[in-house]
Amino acid sequence: MTTVIDRNAATRKFLAHTEGHLATYLEGCLHCGLCAEACHFYVASRDPKHTPAYKLFPIAKAHRRNKFPLALLGLAPRVSAEDLQHWEELLFDSCTMCGRCTMACPMGIDIASIVGEARQAWVAAGLGPADLFAAADSSRDHGSPLGVTPEKLRERIEWIADEHEVEIPLDRPKADVLLTLSSVETMKYPDSVASMAKLLNHAGVSWTLSTKGYEATNFGYLAGKADIAKTMVQRIVAAAEGIGAKTVIIPECGHAFGVLRWSASNMIGRPLPFEVLHITEYLAQLKRAGKLHLKPLTEPITYHDPCQISRRGGATADARYLLQDFATDFHEMTPTGNENWCCGGGGGVQAIGRAANLRYQVFKLKMDQVEKSGAKTMVSACSNCRLTMDESKAHWKWDGGLASLVELIAEHLVEKPAS
Amino acid sequence: MTLLDFARGPALAVSFAVFTFGVAWRVLFLVLLPWSRDRSVARGSAPSAVVGAVRGFARHLWPRKAFAGAARFTTVNGYVMHFGLAIAFFGFAPHILFLQSVFGVHWPNLPSGLVSVASVVTLVSLVLALGHRFVSPVLRLISTANDYFSWFVTALPVVSGLMAVSHLWAPYETLLAVHLLSVALLLIWFPFGKLMHAFLVFVTRSETAIHYSRRGTVL
Ligand code: SF4
Ligand code: SF4
């Protein structure tokens with residue numbers, strides 16, 4: 001089958017995004033190469049094509065062709081179908097939109113944001129990774145990238161509630177808090193769902209899940225399908241408005257947090273009528289309010305900062321606060337916090353099958369970090385990181401442990417001390 | 001009109017006009033683009049946009065520890081080159097006299113020996129930067145004609161200036177004219193190529209800093 005590559009549609013998308021602030025970034029790049037060593041894909045592969053600045057070439061080309069000064073002369077080359085084919089792998093498979101390169105860039109160029117917007121051009125051109133696109137389409141058509149329809153959600157939640165002997169409210173007519181789920185958790189890490197339920201029940205929160213808006217992940221955004229991205233946001237907004245929720249909790253999923261917390265209001269063109277908190281932020285609030293009662297966790301652990309929650313999300317300190325006085329043998333990795341290395345599977349890369357080998361290479365950075373830290377287990381607060389790391393762990397037969405922060409906290413709950 | 005008259009007169013005047021209008025046009029062009037409004041609610045702890053921008057700008061003055069090793073050469077060499085250029089341009093007595101004749105302001109000059117050393121150091125760092133561009137596979141891949149030409153127009157005034165003060169190879173007047181013409185070339189190219197980073201750095205760093213300081217993070 002031959003694919004018709006619509007380079008003009010792609011160019012229009014590129015230009016639509018350089019109408020605004022992204023233009024300065026494209027004009028400001030010094031081609032100094034400092035971003036290369038900050039990118040886990042470059043460091044893992046040592047292939048110059050994985051240099052972050054290089055990923056911007058097609059959009060910069062479209063911009064140069066159409067904007068001052070060469071636009072006047074019509075001299076600059078056009079974006080070609082070959083360009084789009086060549087760069088597809090670089091903008092999808094080998095960019096997790098982790099934001100680390102921006103920290104190293106002397107101009108402060110926000111490559112992650114540009115990649116997020118530029119992916120739309122591949123959709124317009126009729127190119128892009130089929131499996132990532134299928135995940136996005138499934139979200140629109142079935143409610144979730146893994147095909148969790150509302151009916152399936154109901155069944156699954158009943159099963160998890162039974163299995164873990166925990167009450168999981170679904171479709172309560174009114175609640176203060178709407179909890180959303182990543183289908184990675186619903187299908188692959190059900191313990192995580194049960195853990196959140198236990199914690200919220202323990203703290204006496206008025207909360208519910210909703211079949212109207214339950215999927216936290218936004219593969220529309222990751223795939224560059226802006227219409228699906230908006231639909232996914234609207235579902236959550238409608239569900240939250242329906243039950244009068246003041247807070248929407250994003251579960252352990254980094255990009256879900258990034259999209260709903262920082263981009264959703266711009267997608268729907270109005271401020272969100274509720275606050276958005278990542279589960280670690282919400283648990284930190286409960287802890288501050290004295291509503292979390294935990295026994296100590298004594299195993300040697302380290303914490304993997306999910307890029308969208310820490311570096312690009314600003315919730316770095318809350319995870320540390322949760323670990324403080326709880327994880328008694330806690331070790332930081334080097335680098336850590338906002339400078340942490342990405343898991344290699346964010347930004348939709350986890351859903352791209354052909355990128356598996358690259359992800360495994362990236363995971364070597366993580367294995368090395370954990371081993372040097374002295375910890376035995378790497379704890380994360382993102383189920384997508386966890387899935388990526390679980391697969392890579394199996395690939396390398398790594399003997400380090402991987403765990404979820406929320407699950408660990410739930411496992412260490414103690415009943416409220418008698419006052 | 002001698003070559004020197006031409007260089008001193010029309011060449012510098014025209015190039016300076018191109019520089020001024022070009023830079024103003026490009027900066028205005030970018031600033032006047034529609035900047036999308038961010039409707040997300042900033043963190044309570046987020047600083048004001050100005051404070052965020054200043055903090056973010058300062059944060060990028062020197063690489064973080066995590067990147068320091070890999071960035072050391074480029075950063076140190078970059079600073080040496082920029083400071084060297086500044087010393088040679090603003091500290092050299094004849095430059096100050098010339099600027100005074102045009103703009104009417106003046107300041108004390110630096111000893112000419114120091115200026116010569118700074119110019120030679122600048123030249124060395126420019127050569128190292130170019131060498132790095134040639135040998136590093138990453139830089140080879142991402143370098144464009146703009147990078148090489150911008151290097152060339154930056155190096156030319158340094159070389160011609162050094163030649164002029166040391167009266168090398170040609171009569172002083174000719175060397176001075178060539179030096180002034182090389183400056184004219186630099187000024188004309190400035191708004192069109194990557195030398196614009198001297199202005200854009202304020203825009204890009206602030207833009208990123210404001211974007212992320214709302215989120216409670218500094219990138
Ligand atoms: S955002 Fe992350 S993955 Fe993408 S180019 Fe930058 S460092 Fe690499
Ligand atoms: S570090 Fe920044 S300025 Fe340098 S090449 Fe990368 S994106 Fe461009």
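The values are calculated or read from the model by the stated rules, or taken from the named source; none is laboratory data. Note that the coordinates shown come from a computational prediction; the quantities given were computed from them, not determined experimentally. When we count neighbours, we look across all protein chains shown, and the Cβ atoms used for this are built from the backbone with ideal geometry, even at glycine. With ligands, DNA and RNA removed, areas are computed over all heavy atoms of the protein, side chains included. Shrake-Rupley method; radii C 1.70, N 1.55, O 1.52, S 1.80 Å.
Quick rundown of the values:
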| item | result |
| --- | --- |
| Nearest-10 value in Å² for the accessible area of B:V51, using the 1.4 Å probe | 70 Å² |
| Stokes-Einstein D in µm²/s, Kirkwood radius over Cα pairs - chain B at 25 °C with 0.890 mPa s viscosity | 123 µm²/s |
| Accessible-area ranking of A:T388, A:T316, largest first, probe 1.4 Å | A:T316, A:T388 |
| Accessible-area ranking of B:I87, B:I96, largest first, probe 1.4 Å | B:I87, B:I96 |
| Percent accessible area from carbon and sulfur atoms, the protein assembly as shown, protein chains only, probe 1.4 Å | 62 percent |
| Taking the C-alpha atoms of chain A, convex hull volume expressed per residue in Å³ | 140 Å³ |
| Accessible solvent surface per residue of region A:132-287, calculated while the other protein chains remain in place, 1.4 angstrom probe, Å² | 33 Å² |
| Pair A:R154, B:L33: separation of 7 Å Cα→Cβ label points (nm) | 4.9 nm |
| Phi to ³J(HN,Hα) by Karplus 6.51 cos²θ - 1.76 cosθ + 1.60 over region A:254-266, Hz, x for Gly, Pro | x, 5, 4, 5, x, 5, 6, 6, 10, 10, 4, 5, 6 |
| 3J(HN,Hα) from dihedral phi, region A:350-360, Karplus parametrisation 6.51/-1.76/1.60, rounded to Hz, x for glycine, proline | 4, 7, 9, x, 5, 8, 4, 4, 5, 4, 4 |
| All-pairs Cα distance distribution in region A:220-334, expressed in whole percent, bin size 5 Å | 2, 11, 18, 20, 18, 13, 8, 7, 3, 0 |
| Among B:R39, B:R26, B:R59, residue whose mean-square fluctuation peaks in a GNM of chain B (springs only between Cα atoms under 10 Å) | B:R39 |
| For region A:153-170, Karplus couplings with θ = phi - 60° (6.51, -1.76, 1.60), whole Hz, Gly/Pro x | 4, 4, 4, 4, 5, 4, 5, 5, 4, 5, 4, 9, 6, 9, 7, 10, x, 10 |
| 5 Å-binned pair-distance histogram of region A:132-287 (Cα, whole percent) | 2, 10, 21, 24, 23, 13, 6, 1, 0 |
| Per residue Cα convex hull volume in Å³ - calculated over region A:66-131 | 113 Å³ |
| Descending semi-axes in whole angstrom, ellipsoid equivalent of region A:221-275, from the Cα gyration tensor | 18, 13, 10 |
| 10 Å Cβ neighbours from other chains, averaged over peptide A:301-314 | 2 |
| Gain in span if fully extended, A:A317 to A:E299, counting 0.36 nm per residue against the direct Cα distance | 4.4 nm |
| Accessible-area order (highest first, 1.4 angstrom probe) of the listed residues A:L322, A:L272, B:L141 | B:L141, A:L272, A:L322 |
| Principal semi-axes in Å for region B:103-219 [√(5λ), Cα gyration tensor, largest first] | 33, 20, 15 |
| Mean Cβ count within 10 Å, highest first, over the residues of peptides A:379-386, A:224-231 | A:379-386, A:224-231 |
| Shielding score for B:59-71, defined as the mean number of other chain Cβ atoms within 10 Å | 5 |
| Cα-based equivalent ellipsoid, region B:1-56: semi-axes from gyration tensor eigenvalues, Å | 45, 14, 5 |
| 0 to 90° range, to nearest 10: angle between helix B:172-189 axis and chain B longest Cα axis | 20 degrees |
| Kirkwood-based shape ratio for region A:7-128, expressed as Rg/Rh from alpha carbons | 0.95 |
| Estimated buried accessible area (total), pair A and B, 1.4 Å, Å² to nearest 100 | 4500 Å² |
| Number of partner chain Cβ atoms within 10 Å, mean per residue of B:35-44 | 5 |
| Rg/Rh for region A:290-411, where both radii come from Cα atoms and Rh is the Kirkwood radius | 0.96 |
| 1.4 Å probe, heavy atoms, protein only - residues of region A:236-280 losing at least 40 Å² accessible area vs chain alone | A:R261, A:W262, A:N266 |
| Kirkwood hydrodynamic radius (C-alpha pairs) into Stokes-Einstein, region A:285-343, 4 °C and 1.567 mPa s, D in µm²/s | 106 µm²/s |
| Count, lysine Cα pairs under 24 Å in region A:290-411, 8 or more residues apart or across chains | 12 |
| For A:L402, residues with placed amide H under 5 Å, excluding near neighbours | A:M378 |
